[in-house]
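The values are calculated or read from the model by the stated rules, or taken from the named source; none is laboratory data. As the structure is a prediction and not an experimental result, all values here were calculated from the model. Here Cβ is always computed from backbone atoms with ideal geometry, including for glycine, and neighbour counts include all displayed protein chains. Calculation scope for accessible area: heavy atoms of the full protein, side chains included, ligands and nucleic acids excluded. Shrake-Rupley method; radii C 1.70, N 1.55, O 1.52, S 1.80 Å.
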Amino acid sequence: MEALNKITELSYALDTFYFLMSGALVMWMAAGFAMLEAGLVRAKNTTEILTKNVALFAIACIMYMLCGYNIMYPGEAVNSVWPGISFLLGDDNTVEAVLGSKGDTYYSSLSDFFFQVVFVATAMSIVSGAVAERMKLWAFLAFAVVMTGFIYPMQGYWKWGGGFLDGLGFLDFAGSGVVHLCGATAALAGVIVLGARKGKYGPNGEVHPIPGCNMPLATLGTFILWLGWFGFNGGSELKISDIGEANAVAMVFVNTNAAAAGGVFAALITAQIMFGKADLSMTLNGALAGLVAITAEPLTPTPMVATIIGAVGGVIVVFSIVFMAKLKIDDPVGAISVHGIVGMWGLLAVCLSNDDATLKAQLIGLVTIFIFVFLCSLLVWYILKMVMGIRVSEEEEYQGVDYSECGMEAYPEFTDAPKGN
Amino acid sequence: MEALNKITELSYALDTFYFLMSGALVMWMAAGFAMLEAGLVRAKNTTEILTKNVALFAIACIMYMLCGYNIMYPGEAVNSVWPGISFLLGDDNTVEAVLGSKGDTYYSSLSDFFFQVVFVATAMSIVSGAVAERMKLWAFLAFAVVMTGFIYPMQGYWKWGGGFLDGLGFLDFAGSGVVHLCGATAALAGVIVLGARKGKYGPNGEVHPIPGCNMPLATLGTFILWLGWFGFNGGSELKISDIGEANAVAMVFVNTNAAAAGGVFAALITAQIMFGKADLSMTLNGALAGLVAITAEPLTPTPMVATIIGAVGGVIVVFSIVFMAKLKIDDPVGAISVHGIVGMWGLLAVCLSNDDATLKAQLIGLVTIFIFVFLCSLLVWYILKMVMGIRVSEEEEYQGVDYSECGMEAYPEFTDAPKGN
Amino acid sequence: MEALNKITELSYALDTFYFLMSGALVMWMAAGFAMLEAGLVRAKNTTEILTKNVALFAIACIMYMLCGYNIMYPGEAVNSVWPGISFLLGDDNTVEAVLGSKGDTYYSSLSDFFFQVVFVATAMSIVSGAVAERMKLWAFLAFAVVMTGFIYPMQGYWKWGGGFLDGLGFLDFAGSGVVHLCGATAALAGVIVLGARKGKYGPNGEVHPIPGCNMPLATLGTFILWLGWFGFNGGSELKISDIGEANAVAMVFVNTNAAAAGGVFAALITAQIMFGKADLSMTLNGALAGLVAITAEPLTPTPMVATIIGAVGGVIVVFSIVFMAKLKIDDPVGAISVHGIVGMWGLLAVCLSNDDATLKAQLIGLVTIFIFVFLCSLLVWYILKMVMGIRVSEEEEYQGVDYSECGMEAYPEFTDAPKGN
């Protein structure tokens, strides 16, 4: 009996440690988004996007602590649509409670909070890239408050908190829908309200490419995200402390990596065929597309199938980015394609390997998340537009938002062009 | 009995692994300091600060192995002020010794060494930023030898090695005082002996801002430090292998993150109010200030209180940086404010949440560390100044220390200005 | 009995988790190589080297899944030289199989695959730096297919898969030979077939240094590799779940760090003496040399001996880089010296601390790996040269391979020199 209790304690410690390490890896994704986005914008808008990324992470942590976590995982939900709200972070598990729970309580509830709080930051990071180079900083941060405190937790509750999407059999292992599609949808609403960057489209509607200023940073960001994704997907198994769970976590790691590899390879080939060059930015987006695609189900595919799911994501993302540009949805980093369009593919691809999935439930989940997040976000962006304005002036955009919003340059010694380059 | 012994072995393995992962995260902070500092200096002084950061880490590892560790954690101390010295790294624990220790020996002593050695490197990294852009490289490295081999271990012994500050009830969980205040104090002494950079102050004493050359690097450095801090604070619980300890480590992770978030938010708002702009460098310093502030006690506050402790740190750091500049203490990266002034706040803030803390003991600890480190450092800097000189010539400073100290440029193709820009 | 089975399950989970975390750290080394190499080439060749690094990682993952893993670790080998091939990734371990194995099966086989697959990517990353700035992207990727699918796994089988080198008593803990010498040898063959960069040698054979464009990136890459190496060496103990193994892993961490520190210090001093300056790129190569040197045996030396083994590596690498340049082996990042020459030193240094090692066996292993990899690689490079060509045109090299291979610049706003700078 003493031995069994000690084993329970040790299991609890291992699962908690696994959660904390996974959460730390997901937190690291914040750096990945910051570097990716800073690499893909122009030098004159770099300080602002860095500031946005640091600040949104802080806001996400504060808002999710204040109310988001309790909306998403309510102690006692009112019903399967409306979770209720309580504002305090609960106490942790005592030894007696854990031993008495017969295995139901097997990790620290604070480690769960830590793991979840970095997820909401990920969703919000997706938005920041799409609205880059022309949005007012403080309007963006105001949106972040609503998004991380309410919009994300609400739809998260419907699936992961035990709400109605979960009841319908909608499957989303680590969040192709709940995190990535959610973030991309909020971004899409923002881009529609905001409009394209000056100079992106010529007088006859032709698309002008605006190259990113620092490709090593973008590459670094992609590698950071790839690494962080092992925590994102790997931690979403939620348990590692027995043989079956350890095997499952290992499978999730292998498949996550395989899908990213498939995405890279497919996007590289697709870009070579379409553009005649090995386009680095498409290759990077291919890696991320592979990762997003496998996120809804990284456990049941074989590694070969995971590679293919990622590769399809890699092909989709190249076409989607080209198509979005033609639709005049101006997304400087391709976030809507990577996280939204490929997120949808990921949700549907669950049906390929998981027998518990139904196309119907996946579509209901996909449509529900999209419509709910799109309408809420559109409303919030419009309110912000009316109340404080969301777009910088034409003059400020020409000068670069670094100057107007942050008052400092990102690379004062490297770009000697006059302001407004 | 066989089962209980196996459980003891497994606990030992988990605690050791937790220590090693924590240590790896702290080692990663060395990269964070290197990137932060490289981002905040001018292009012409970048190679030198990178060289310093790599070299100081190596020196810290070697000196701490040779004598520092044994000074700080003596097998048999002479008394509570003087630890004695022994130069060899001891053997590790045998199975018999661990099983016979009744739980006293619960992790590999080499994993403890690994965790401790990366801490001393952190303390030394703090110094390097403050003296940037005008110090001789080899004088700095000579100081690093004394600091990491003797000064840091000596005051570390007084608290963590079981010396007199520990006996007095001084509390410092992960080192707001022992690491951060210590490093900042050595930096302060260095800056005083060294003097301000040419061009920092005008003829009438007005302060000229000298912007950093690469803000994405500075942001990356901050994110690296944020991530590494989960090892720094999280590992300082020293044990994770039962329910109570696992909950404690989870609380430390949550509070560390919450304090950083609070620091970001508070510094961003403070800077916006004071300067009318969302100042990125202040925001980054706010994150670090939040982290430093919570480091003395990341376990007992609730997450909300931790956020507030971090936020106060974020406000303090903005005012402190402005104030230091006025005092003509020229600290290019704000290290003295972030680690020193906010480190003091962290030590005092222990009293807010930990009933075992007394303001008296905290003040004694704070003052002891400050005076001891300041006087020792001042002495060492003066000796170095006399023996080899610590400041480059005016001509060399104008050209950039990269040229005089390292013979190479950091960005030879990006800055086409003549030498001496 | 129930308790003992649960302990076995928990041990299995801990060892699997340790493998997965180690593998994640090694995966992170891919980012390290990408940043290191991007920092050490010229701006006009940066996009291409980033593309190569991302793509080779993907190719390594796919090829190793398809056949490499099964060649290297065959279920039933044909004999000790020829492993046989099977193309599918096997199933994972069931609870029954694990409990029935009496401890032989103690971690998830998929976690082993994950750990191994990131190793093969490391070997391939070594090649990419040496052939930088003049090789055709697709020729390089074609080589990567053969290298990661066949050449690396074949010689890996001879040691780690239980082949004839293992039988001869050749010792190589984590791959100074199997990974680093192997990668460097393939690189050497490539450089010989490819020839030096235009402008590297003057008409009278004098060596022109070509400085890297971004030293902070190179430094970041080095720190990433240093961190990742804790997974590379630390994970190669393969087990952590009892006292002896936990102590061993801790020793590996401490020695890995000590050797890197020794390498930094020795290379810094050597460069200062030889060139009169604290050469950063030599210092970084010193860190990597220390790490490569200790990789063949990070367990048996004391930390002091590990520091010395690393320091010798640091001295060797400085002389080797200078010597290679004189031999007209043009290796822009010093990869052949760091991983090849120092890898050889690492293999020989095993004899210093491990009584089971014999100089004869170490030399046989060294020579076998070198000759096999060199001849295979030379053949493949020649075939590629004939079939598709491996070198860009003189005009393309002058313009930079970013333009010809990837169609985009890495830093479009920082380098305003005309194409062909």
Relative intensity, log₁₀ I(q)/I(0), of the stretch C:281-388 from a Debye sum that treats every alpha carbon as a point, q = 0.10, 0.11, 0.21 Å⁻¹: -0.34, -0.40, -1.09
Karplus-derived HN-Hα couplings along the stretch B:397-413 (A = 6.51, B = -1.76, C = 1.60, θ = phi - 60°), whole Hz, x at Gly and Pro: 5, 5, 6, x, 6, 4, 5, 6, 8, 10, x, 8, 8, 7, 9, x, 9
Test item: Cα-centred dipole of chain B, Lys/Arg +1 and Asp/Glu -1 on Cβ, debye: 1200
Number of partner chain Cβ atoms within 10 Å, mean per residue of B:221-232: 4
Whole-number accessible area per residue in Å² for the stretch A:319-421, which is evaluated in the context of all protein chains at 1.4 Å: 48
Of A:G343, A:G100, A:G400, the one that fluctuates the most in a GNM where chain A has Cα springs shorter than 10 Å: A:G100
5 angstrom amide H check on C:Y201, placed H, neighbours 5+ away: C:H208
Per-residue HN-Hα couplings for the stretch B:175-184 [Karplus 6.51, -1.76, 1.60; θ = phi - 60°; Hz; x = Gly/Pro]: x, 4, x, 4, 9, 6, 4, 4, x, 5
Under the Debye formula (equal points on every Cα, no solvent term), log10 I(q)/I(0) of the stretch C:152-288 at q = 0.10, 0.17 Å⁻¹: -0.50, -1.17
Amide H contacts under 5 Å for C:D331, placed H, 5+ residues apart: none
Pairwise burial C:B, computed as accessible area of each alone minus the pair, summed, 1.4 Å, Å²: 5000
Alpha carbon convex hull of the protein assembly as shown, projected area averaged over orientations, nm²: 43.5
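Once Rh for the stretch A:89-171 is found with the Kirkwood sum over Cα pairs, what is the Stokes-Einstein diffusion coefficient at 20 °C and 1.002 mPa s, in µm²/s?
The estimated diffusion coefficient comes to 139 µm²/s.
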Label 7 Å beyond Cα on the Cβ vector: B:N204 copy-to-copy distances, nm: 5.8, 5.8
Cβ neighbours within 10 Å from other chains - mean over A:136-148: 1
Peptide-level mean, for B:255-262, of C-beta atoms on other protein chains within 10 Å: 6
q = 0.06, 0.13 Å⁻¹, chain A: log10 I(q)/I(0) [Debye, one scatterer per Cα]: -0.24, -1.09
Ordering of A:188-200, A:38-50, A:254-266 by packing [mean C-beta count within 10 Å, highest first]: A:254-266, A:38-50, A:188-200
For the stretch C:102-109, Karplus couplings with θ = phi - 60° (6.51, -1.76, 1.60), whole Hz, Gly/Pro x: 6, x, 5, 9, 10, 7, 4, 5
Debye, to nearest 20: dipole size of the protein assembly as shown, +1 on Lys, Arg Cβ, -1 on Asp, Glu Cβ: 2960
Per-copy distances of the A:R391 label point, shortest first, in nm (7 angstrom along Cα→Cβ): 5.3, 5.3
Mean-position separation - Cα centroids, the stretch B:324-379 and the stretch B:194-266, in angstrom: 15
Mean Cβ count within 10 Å, highest first, over the residues of peptides B:372-382, C:55-65: C:55-65, B:372-382
Label distances, nm, B:G100 versus same residue in remaining copies, Cβ-directed 7 Å point: 4.1, 4.1
Of A:K102/C:K102; C:K198/C:K328; B:K6/C:K6; C:K136/C:K385, pairs whose Cα-Cα distance is over 21 Å: A:K102/C:K102
Apportionment of accessible area to carbon and sulfur, the stretch A:100-194, percent (1.4 Å): 61
Interchain or long-range residues, amide H under 5 Å from C:A132's placed H: none
Over chain A: helical MRE at 222 nm, DSSP H runs n ≥ 4 each giving -39500 (n - 2.57), nearest 500: -21000 deg cm²/dmol
